[in-house]
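Chemist: Take this structure first; my questions come after.
The values are calculated or read from the model by the stated rules, or taken from the named source; none is laboratory data. Predicted model only: the values in this text are computed from it and were never measured. Backbone-built Cβ (ideal geometry, glycine too); neighbour counts: all protein chains shown. Side chains included, ligands, DNA and RNA excluded: accessible areas come from the protein's heavy atoms. Shrake-Rupley method; radii C 1.70, N 1.55, O 1.52, S 1.80 Å.
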Amino acid sequence: MMPISKVVGWLCLRHAAAEVILEQHKELQRQVPLLYALLCVNAAAVAYTHHGLAPDWMTVGVPLVLVTVSVWRLVDWVLRRNRPTGVASARAQLQLTILLAAVLSAGYCAWSLGLNSYGGAYEHAHVAVFIAVTVIGCIFCLLHLPQAALAVTLVVSVPSLAFYLSSGNSVLVAIGMNMFLVTCVMIQVVFNSFRSFAELIASRGETERLGRENLRLAHTDVLVGLPNRRHFLAELASRVEHGGDGFCVIVLDLDRFKPINDTHGHLVGDRLLEKVGDRLRDCVDGTVLVARLGGDEFGMLAEDDGKGALALAQRVCDVLSLPFDIDGLSVSIGASCGVAEFPGAGATAHQLFDHADYALYRSKLAARGTATLYSIDHETEIQSDRAVEAALRTADLESEMEIHLQPIVDGRTGRAFAVEALARWRSPTLGNVRPDIFICVAERTGLIQKLTPLLLAKALKLVERLPAGVKLSFNLSAHDVTPAMMLILVSLVRKSGVDASRLIIELTETAVLADFEAARQSIDLLRALGVEIALDDFGTGYSSLSYLNRLAVNKVKIDRSFVGECGTVQGRNLLCSILALCSSVDLSCIVEGVEEADQLHILHGLGFRHFQGYYFGRPIPADDIVSWFAEHGAHSEIPARAPALPSVASA
Ligand code: C2E
Ligand code: CA
Ligand code: CA
């Protein structure tokens, strides 16, 4: 037996789930008005057939009251149709419907049974039909509110059955029993169908919950637990669309993450990213959205002006430069940031993101570990970058690109043992464009894939024109360090018939750090071919030599920024330690950017042997250097400030 309180709770919908209540309310909005309309019509029909037979208060007064209440309820339900309904109000409406189902049923039932005292057999039959049809119609309409259906059944069928049983008329007794049986069966059907209905709603709730969970997962980075790129871009687009107060996009890129991932393995890399995520979360308040955009790239949306966001970005850079403890292993990385303010730095989500990215690129180029705010100067740079890009895309690279050569000298003999091939581009529209500019644009646009093989082919043709003892040093871009490009380059060298041992390939330290594993494989491939490898711009990438020694490189080219420092004790100490380290691992050192006799003197004194720089000769057209060698012989000493080597000021 169910306790009474449970039954009352069920009758009053006390424990019904919110979503079920809302769905019941929705269904009943369609059906209950029909129910009241049916009541009105049926009551009017009975009142009509009994008019004149029964007193007027029974054929006009009572039905008028009952119909008025029914019409009031009908209108109330209809008016609610297009209004949003909360759970509490829906529940109250359903409770009222249950109550009225009982009260109105009692009213209609008492009235119709009362009418049975008037008229003849036809009228009695009409009353019986009225009760049967109305009760069945009501149960149907209340399919989604079993409490009300049950109330109607109990309030109408039980008294009717008792009434007809006591009538003594066998036909009426049969009708009473028949009606009672049918309503009992129907009430069972109502309960069964409502159970399925409630189960369906519950499973739909579960499906919706799973859907929401899926959506949340689709917007979350599983490793770090932060929102992911998709979420970040959607949020950025929505903030741009809604305009409102200014906000800033911050993009952040970790420095030196790749080498740590490569050296210590992906597990350490993953733990490091998690810790970066934790630090980022700790750095910001609830108004800042922090997301992982992928790899070692993170993004933030800060409701602040450019100045405030720049300060936040710098704080983040500082916090990330502190060492991380990963299960007892201390690792140091850093971060650079780019900041773009809405709407000044871009009116669309795409522009803002691109400009924050550009500011990040400037940070990386100028001073790693810092944040840069996108400014009008950057706009100008981008414009000129675009002009370079447009010219480069339409350029006839074969005829517009040329190679200049700069000697690399053995300081003790004063002879050039190699020349570095440096690309020169004379664009018909832009004139001479600096190689660091067009190489950068070519890298960004993917045109480098076309440019590098073309330049290498030109450089290879020069090798045979150089004296036998002079090697040719060729620069690769960071974007060239891929297995696919290596295969292209290797096949070019093979096809050219050039002795590979006469080639030196220069890879920058930052290119190696960007993808250590790809660099290692590329270097091994090139070494297998027989070429030498030089690590270019050494000292600018913050890597340790012992780390780089894991690569099969032959030479190190010390960045020219160190030469500028050779007048100071600190600069000399730094150069000395690099030289000592190189000697200890049997790497030969070339010092780049030697411009003055004094510098050469100091560097000589420190023990350096190989040099490159304006002091010995600027990069000049290949024909000029070839004729110089032809004139002076391969073994001639290159005179300081070589008068015979014309300087190329425009380059
Ligand atoms: P890099 O590989 O470090 O090349 C040396 C740069 O230093 C050259 O600039 C050279 O002209 C300059 N240089 C040489 N001696 C001195 C000196 O005494 N003082 C000063 N101030 N500069 C000196 P350049 O030719 O403008 O090339 C700039 C950069 O463009 C190169 O730096 C290299 O990264 C890139 N690059 C040039 N040609 C190519 C190429 O064919 N392929 C690729 N991937 N990059 C190239
Ligand atoms: Ca170089
Ligand atoms: Ca260099």
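Chemist: Pairs of Cα atoms under 8 Å, at least six residues apart: use those to get the relative contact order of the chain, whole percent.
Modeler: 8
Chemist: Compute the FRET efficiency between W57 and E208 as 1/(1 + (r/R0)^6), taking r as their Cβ-Cβ distance and R0 = 60 Å, and round to the nearest 0.05.
Modeler: 0.65
Chemist: I've got another one for you. Output the peptides 148-155, 274-281, 390-397 sorted from most to least packed, where packing is the average of other Cβ atoms within 10 Å over each peptide's residues.
Modeler: 148-155, 274-281, 390-397
Chemist: Which of the listed residues, P621, L581, V556, is farthest toward the dipole's positive end in region 399-632, when Lys, Arg count +1 and Asp, Glu count -1 at the beta-carbon?
Modeler: In region 399-632, that residue is P621.
Chemist: Moving to a separate point now. Gap in Å between the Cα centre of region 221-251 and the Cα centre of region 101-134?
Modeler: Comparing the Cα centres of region 101-134 and region 221-251, I get a distance of 68 Å.
Chemist: A further question follows. I'd like the GluC sites (Glu not before Pro) in region 286-394 restricted to DSSP loop residues with at most 11 other Cβ atoms within 10 Å, sorted by number.
Modeler: For GluC sites (Glu not before Pro) across region 286-394 that sit outside H, G, I, E and B with at most 11 neighbouring Cβ atoms in 10 Å, the list is empty.
Chemist: Please work out the Cα center distance from region 381-443 to region 151-205, rounded to the nearest Å.
Modeler: Region 381-443 and region 151-205 have Cα centres spaced 94 Å from each other.
Chemist: Quick one: net charge of L535's neighbours, Cβ under 9 Å, K/R +1, D/E -1?
Modeler: -2
Chemist: Roughly speaking, what % of Cα-Cα pairs in region 399-632 are separated by over 28 Å, rounded to a whole number?
Modeler: Summing the P(r) of region 399-632 above 28 Å gives 29 percent of all pairs.
Chemist: Along the positive direction of the dipole of the chain (beta-carbon charges: Lys, Arg +1; Asp, Glu -1; about the Cα centre), which of G211, G469, G61 reaches farthest?
Modeler: The listed residue farthest towards the positive side: G61.
Chemist: With bins 10 Å wide starting at 0, give me the P(r) of region 4-212 over every alpha carbon pair, in whole percents.
Modeler: Each 10 Å bin holds this share of Cα pairs: 8, 32, 32, 18, 7, 2, 0.
Chemist: How much of the accessible area of the chain, in percent, comes from carbon and sulfur atoms when a 1.4 Å probe is used?
Modeler: Within the chain, the accessible surface is 59 percent carbon and sulfur.
Chemist: Right, another one. Can you show me the helix-derived [θ] at 222 nm for the chain, built from DSSP H runs with n ≥ 4 at -39,500 (n - 2.57) apiece and divided by the number of residues, rounded to the nearest 500.
Modeler: One gets -19000 deg cm²/dmol as the mean residue ellipticity at 222 nm.
Chemist: First measure r as the distance between the Cβ atoms of L606 and N554, then evaluate 1/(1 + (r/R0)^6) with R0 = 22 Å and state the FRET efficiency to the nearest 0.05.
Modeler: Once rounded, the FRET efficiency stands at 0.55.
Chemist: Net charge around W10, counting only other residues with Cβ within less than 15 Å of its Cβ (Lys, Arg = +1; Asp, Glu = -1)?
Modeler: Result for the local shell: +4.
Chemist: Right, another one. How large is the Kirkwood hydrodynamic radius of the chain, in angstrom, based on all distinct alpha carbon pairs?
Modeler: It works out to 32.6 Å.
Chemist: Still on this structure: Could you tell me which helices of the chain pass both thresholds, a Cα extent of 27 Å or more along their own axis and a mean Kyte-Doolittle hydropathy of at least 0.5, with helices taken as whole DSSP H runs?
Modeler: For the chain, where a helix must reach 27 Å along its axis and average at least 0.5, the hits are 62-80, 87-115, 121-141, 170-218.
Chemist: Another question about this same structure. What are the lysines whose alpha-carbon lies under 23 Å from the alpha-carbon of K307, with same-chain residues fewer than 8 places away excluded?
Modeler: Those lysines meeting the cut-off are K364.
Chemist: Taking loop as defined by DSSP and a crowding limit of 16 other beta carbons within 10 Å, which chymotrypsin sites (Phe, Trp or Tyr not before Pro) in region 484-592 fit?
Modeler: Filter output for region 484-592: Y542.
Chemist: Can you tell me which lysines have their Cα less than 30 Å from the Cα of K495? Leave out same-chain residues fewer than eight positions away.
Modeler: Partners found: K450, K458, K461, K471, K555, K557.
Chemist: Separate question: For region 6-70 and region 269-320, what is the separation of their Cα centres, given in Å?
Modeler: Centre-to-centre (Cα) distance: 63 Å.
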